[in-house]
1. Among the numbered conditions (1) touching a residue at least 40 places away in the same chain (Cβ under 8 Å); (2) under 16 Å from Leu260 (Cα atoms), tell me where Asp243 comes up short.
2. Which residue pairs have Cβ atoms closer than 6 Å, lie 6 or more positions apart in sequence or on different chains, and pair a first residue in the range 1-12 that is under 16 Å from Ile30 (Cα atoms) with a second residue that is among the hydroxyl-bearing types (Ser, Thr, Tyr) and part of a strand (DSSP E or B)?
3. Please count how many residues of the range 201-239 are assigned to a helix (DSSP H, G or I), over 30 Å from Ala49 (Cβ atoms) and of a type outside the set (A, V, I, L, M).
4. Here's a check for you: in the range 240-249, which residue that is surrounded by 15 or more Cβ atoms within 10 Å (Cβ to Cβ) and among the hydrophobic types (A, V, I, L, M, F, W, C) is nearest to Thr158 (Cα to Cα)?
5. Going by the structure shown, is Ala310 modelled with pLDDT of 95 or more and out of contact with any helix residue (DSSP H, G or I) (no Cβ under 7 Å at 6 or more places or on another chain)?
6. Could you list, in sequence order, the residues of the range 315-336 that are polar (S, T, N, Q) and either under 15 Å from Ala305 (Cβ atoms) or touching an Asp or Glu at 6+ places or on another chain (Cβ under 6 Å) (or both)?
7. Can you tell me which residue is surrounded by the most Cβ atoms within 10 Å (Cβ to Cβ) among those in the range 209-226 that are under 23 Å from Arg129 (Cα atoms) and free of Cβ contacts under 8 Å to residues at least 24 places away in the same chain?
8. Considering (1) part of a helix (DSSP H, G or I); (2) under 22 Å from Ala269 (Cα atoms), say which one Pro153 fails and leave the rest.
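The values are calculated or read from the model by the stated rules, or taken from the named source; none is laboratory data. Note that the structure is a prediction, hence the values are computed from the model and not measured. So basically every Cβ, Gly included, is an ideal-geometry build from the backbone, and we count neighbours across all protein chains shown.
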Amino acid sequence: MLVVETRGRLGLITLDRPRALNALTHDMVIDLRDALRAWASDDRIAVVAIRGAGDRAFCAGGDIVAMRAAVMGGNIAAASGFFFDEYRLNSLIARYPKPYVALMDGIVLGGGVGVSAHGSHRIVTERTRIGMPETGIGFTPDVGGSWLLSRGPGELGTHLALTGQMVGAADALVAGLADVFVDSERLDELLDALERCTEADDVDAVLDSLADAAGDVGDAPLDLVQRELDAAYRGDDAAVILDRLRASAVPELQEAARTLAERSPSSLATTLAALRRAARLDSLDDALAQEYRVVLRLLDEPDFAEGVRAQLVDKDRQPRWQPPTLDDVDPDRVASFFAPLTDAERARFDTPDWSPQ
């Protein structure tokens, strides 16, 4: 499921579950972490790259169906253990001592963002479709998503977090989720060149040469309505935001309103609060610690199991959210998701508070 190899000065990792769109299992998270730790102190390795097998996806996130099954089977500790190790991996990638080149070709969702968008060199192609669709399954953008999206231009990150909209290369670059556009046909050429790199400056030179040859990535569709997005998504009240979107004459905002009306109301309120809080935090690790507390609480909420059922198990696309509307969401309950874990919760989830390693 994870292919780890060395090519010259390059350490190459391939997420190898193409039939599952290279979704991450717990074992893959551990194996990826171990490979990165070994290469960090290996002088023979100058640069690390990660890609997905096949041409459909880089990584479609974590194995959410398995997590739902664990939670419903009373083994919530299995799910909490996955997130604990996954977030430590995200932290490791963000502070990795060597160039970390992520080939974000094809679908990049949820956990796939966590193992790519925190890297030092983030590559998108004409096939890239990136998103964090967690509000559609009764969850919230995690793996450092609250940190990344709260730091995009204006309210673009808020729009992406609440709607879960998937975007292409141009919007990913504008949103700060990627750095360089390279045509997918040249990715093998990129890897060949990375084998000969000896330092970070060499990686930059390789990417500059390939990006120059890639041509114009094109306009970013969401960039064209940035002013309207900023006006609609300001503030801390998800219900007010939805009303503004519904009242807009801009087609993109009207579509966003229809999307939000289908998302979990609790997830929308929680995600908006997470973004606003993350914007005031000092580091990615602080955001990951906050996300860990929130995610463990959301595993206990009915919308997670129901959202995964509707989208990925029964696939009827008819979730029955509890509560059913934003007006019914209790703000005090949302605020409680962000509180430090209690002793009872740590015992039940079989986990300490999250911290980087």
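1. Condition (1) is where Asp243 drops out.
2. Filtered contacts from the range 1-12: Val3/Thr14.
3. Counting residues in the range 201-239 that are assigned to a helix (DSSP H, G or I), over 30 Å from Ala49 (Cβ atoms) and of a type outside the set (A, V, I, L, M) gives 4.
4. Ile241
5. Working: modelled with pLDDT of 95 or more: yes; out of contact with any helix residue (DSSP H, G or I) (no Cβ under 7 Å at 6 or more places or on another chain): yes.
Against the criterion (modelled with pLDDT of 95 or more and out of contact with any helix residue (DSSP H, G or I) (no Cβ under 7 Å at 6 or more places or on another chain)), Ala310 qualifies.
6. Gln318, Gln322, listed by residue number.
7. My answer is Leu224.
8. (1)
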